[in-house]
Structure formats: structure tokens, C-alpha cells
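Report on the following structure.
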Amino acid sequence: MKRKEILLIRNVDPDAYGGGEVYQLQLAKELKEYNISPIIVTSSKKLLVEAKKHNVSAIEAPYNKRQNWSGKKIILMPLYWRWQRRLRKWYKQLFLEHTGATIDVQSRDDWIAATVAAKRLQLKVIWTDHADFRNWVLNNVDIWYKNFIAKKVLKCAKYAYKIIFVSNYDYSYFRSLKSTKHIENTTVLYNGVKDAFKKMPAAKQKLYYIGRIEASKGINELLEAFVRVKKRFKNITLDLYGDDSKFRQPTKIDGVTFHGQVDDNINAVSDYDIFVLPSYMEGLSLSMLEASMMGKAIIATGVGGTPEVIKNGKNGILIRPKNVDELEQAILKLVTNQKLCKEYGTAARQIYQEKFDLKKIIKDQFLPLLDD
């Protein structure tokens, strides 16, 4: 029997490789177990490399680095529509080579070009939003003279079989806009991670962070809070994993180690007991879901979809973004109470098993969308 095909389109800046890109690879690897042939379509250089490394088919897509068409740049909009025509032709040719495939579009320009091309060829189109709508794509869309690209995106939304949001928070934002009132083909389908549970280690006062190392992730606040705690607890350590090319590292701080990106997050952090995510904004962090899966105690800012995973005082601690005092107190609370740290970790894994197991999500929620 011929395997079904699905094109996973996540077309982003060639240098980008964050949670949305990592999720494509995880999703593709799991789909292969269900007689489905996933093909990742992206301009992310690292995602293309990782796909090849994991024996997942991938195609490099064209990408327009100019993304801001606001203010005085609005006079250049005709150039953008010429780009859209070119991109639509590229997708039409791609889809003709993969007749019968399902198209899962997950990036702005492609919500227009790929969707129109797929509609003309009568292919099923699914949209997945990784908080891009809320963070930038739909900014000012309710103002009649602003963001004409977003208005075009929403016109194309009627051609999507289903629009998927990875958190209720992002779904609620979408529903709050006047411009989206006519769009009903929406659903929430959480991100998930594969279960790779390892026994939770004994509390060692070891903290870690995984993600992009940059100011918007709250790294400066995390370092300041850690320095305060370090004065009282000499054995405490903080390890940061992720791309730090855009972050100006401070003078060496005792107990802090920057590791850069690693190939295997799970093995790299298996020996830690506390995960910290002090971001200013989030969609639904895969690093946080991995920490939940591994039974880590979690400290995070209550932004985006994070409160849908972390219930304050039950399976972790939620703090306000940019609040060093709250972050310091949260760290102190966990490093001084091993029993509480273990309780939070156990509860976090239970939440993961109930709602964020990738295999269950694909089997129970994603596959039925392909079969309908």
C-alpha cells in the first residue's frame, strides 16, 4: 500500500532553529511510524541538516528575508506581491510532484502562497500556528489601513481544512480579533514531546535552561537571581544550553556554564533537578514539555501557554517576567526543600502523561485530521 505523504512547511529565516523547527523534526519522525511519508519544507539551514541526519526527507524552500512592510516601507508592497506570485508558482510545481499529499503550513508567507497553490490542485491544507499569529503576524490586523499581508492571510484561512493552535492562550487571542470572527475551522492541538523518561535524580541544587540564549528569554534576570542565591548556597550551579551567538556573555560568573547547542537535550540534562524558563513571551515551550516529561521541578514565567502546563504550587512555580526578586525566591524555595522539588517533578510528569505525550497526540488527534 502506498504511503500517505504530508508536506510540513515551516519556512523561516535560514538561521532560525527554535521550538517550532525542532517540533517539525519530532513530528516527522513519529509520523513515519504510521505508514506516512513526511517531507519537511523549510529554509532553516540547521533543520535541513538535522532532517538528513535523522533520515527524514527535506526540501529547501525559497525565503524572502524582508519581512517588515510597515511604515514607509508600505510603498514597496508591490514587490511583496510579486514575491508571492513567484512563491505560489514554486509551490504549485512542488505539489504537482506530490499529488495527493496533505499540506501542513506553519509560516506566514506560505499561509498565502502554499494555501492558494494547494487549493487550485484540490489538496487538503492544514495550518499550524506556533504563536506567530499572536507575536507578529496579526499585529494591528483589526486596523483597516494596517497590515495588509495579515488581511490576505485571513482571507486565505477559509481554504484551510483546519487551523491548529498549540495552546488555548493562542486560540483565545485569535478568537478575540474582530477580523477572525468569520473563521470557524479552528482547533487546539498541544505541542508534545516523545516520552524518554529517566529516573529523576536526587536533588543536587543543579539548575538548567535550554533555549535561545537572548535577552527576551530572561537570561539577564536569571543570571542576576542566580548570583544572589549563589552567595548563600555555594554548591548551586546553573547550566545554559542553546545558541548564544546573539547574547553578550558577562564576565565569568562562578557556577554558571554556557554550553552552546547540543545534539541530545535529554541526555545533556538528565542529571539536573530544576528547570528554569524566565521568558518574556512563549508559545508552548518544547524545553518545558521535555522537563515535565523527565520529572523536573520547573520555575517559569506565566506567559503564553505556560500556565496550561505549570500550575503554580502544584507542579512548579510561576513568576512574573522581568522580576528578579520573584525568580530569586522561587530558586531559593526549591533548593532549600528537596521534598517539594521532588513533589513538583512527580506532578509535572503526571501532567505530561495526561496531555503532552507526542505519541498520544498524534494517534488520537493529528492522524484523524489527515483521515477525515
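The values are calculated or read from the model by the stated rules, or taken from the named source; none is laboratory data. Bear in mind that the values here come from a model prediction, so they are computed numbers and not experimental data. Cβ: placed from backbone, ideal geometry, glycine included. Neighbour counts: every protein chain shown. Heavy atoms of the whole protein, side chains included, go into the accessibility calculation; ligands, DNA and RNA do not. Shrake-Rupley method; radii C 1.70, N 1.55, O 1.52, S 1.80 Å.
What Rg and what Dmax come out for region 274-372 when only alpha-carbon atoms are used, in angstroms?
14.6, 52
May I ask which residue of Tyr159, Tyr23, Asn135 lies farthest towards the positive end of the charge dipole of the chain, with charges of +1 (Lys, Arg) and -1 (Asp, Glu) on Cβ and the Cα centre as origin?
Tyr159
Could you give log10 I(q)/I(0) at q = 0.17, 0.29, 0.32, 0.33 Å⁻¹ for region 1-40, computed by the Debye formula over C-alpha point scatterers of equal weight, without solvent?
-0.46, -0.97, -1.08, -1.12
How much length is gained on full extension from Asp325 to Val49, taking 0.36 nm per residue of separation minus their Cα-Cα distance?
95.3 nm
From the alpha carbon gyration tensor of region 46-185, can you work out the equivalent ellipsoid semi-axes (sqrt of 5 times each eigenvalue) and give them in Å, largest to smallest?
The three semi-axes for region 46-185 are 25, 19, 16 Å.
Apply 1/(1 + (r/R0)^6) to the Cβ-Cβ distance of Arg120 and Asn312, taking R0 = 45 Å, and write down the FRET efficiency to the nearest 0.05.
0.40
Could you give the dipole magnitude of the chain about its Cα centre, charging the beta-carbon of Lys and Arg +1 and that of Asp and Glu -1, in debye to the nearest 20?
Charge dipole, the chain, about its Cα centre: 940 debye, nearest 20.
Give me log10 I(q)/I(0) at q = 0.15 Å⁻¹ for the chain, Debye formula, one equal scatterer per alpha-carbon, no solvent.
At q = 0.15 Å⁻¹ the computed log10 ratios are -1.34.
Please list 3J(HN,Hα) in residue order for region 77-89, calculated via the Karplus relation 6.51 cos²θ - 1.76 cosθ + 1.60 where θ = phi - 60°; whole Hz, with x for glycine and proline.
Ordered by residue, 3J(HN,Hα) equals 4, x, 5, 5, 5, 5, 4, 4, 5, 5, 5, 4, 5 Hz.
Summing -39500 (n - 2.57) over the DSSP H runs of n ≥ 4 in the chain and dividing by its residue number, what mean residue ellipticity at 222 nm do you reach, to the nearest 500 deg cm²/dmol?
Calculated at 222 nm, the ellipticity per residue is -11000 deg cm²/dmol.
Which residue, chosen from Ala118, Ile59, Ile74, occupies the Cα position most advanced towards the positive end of the dipole of region 26-120, where the dipole is computed from +1 (Lys, Arg) and -1 (Asp, Glu) charges on Cβ about the Cα centre?
Ile74
Quick one: dipole size for region 234-330, taken about the Cα centre, charges +1 on Lys/Arg Cβ and -1 on Asp/Glu Cβ, in debye to the nearest 20.
Its charge dipole is roughly 320 debye.
For Lys73, which lysines qualify as cross-link partners when the Cα separation must be under 16 Å and same-chain residues fewer than eight apart are set aside?
By straight Cα distance, Lys73 reaches Lys65, Lys146.
Longer than 25 Å from Cα to Cα, which of Lys198/Lys231; Lys4/Lys359; Lys89/Lys363 are they? Say none if no pair is.
Lys198/Lys231; Lys89/Lys363
Can you find, among Tyr171, Thr99, Gly305, the residue farthest towards the positive end of the dipole of the chain? Put +1 on the C-beta of Lys and Arg, -1 on that of Asp and Glu.
Thr99
Expressed as a whole percentage, what fraction of the accessible surface of the chain belongs to carbon and sulfur atoms when a 1.4 Å probe is rolled over the protein heavy atoms?
50 percent
Can you give the accessible area of Arg88 in Å² (nearest 10), computed on protein heavy atoms with a 1.4 Å probe?
Approximately 60 Å² for this residue.
For region 233-338, what is the number of Lys pairs with C-alpha distance below 29 angstrom, counting only pairs 8 or more positions apart or on separate chains?
19
In debye to the nearest 20, how big a dipole does region 47-86 give about its Cα centre with +1 on each Lys and Arg Cβ and -1 on each Asp and Glu Cβ?
I would put it at about 260 debye.
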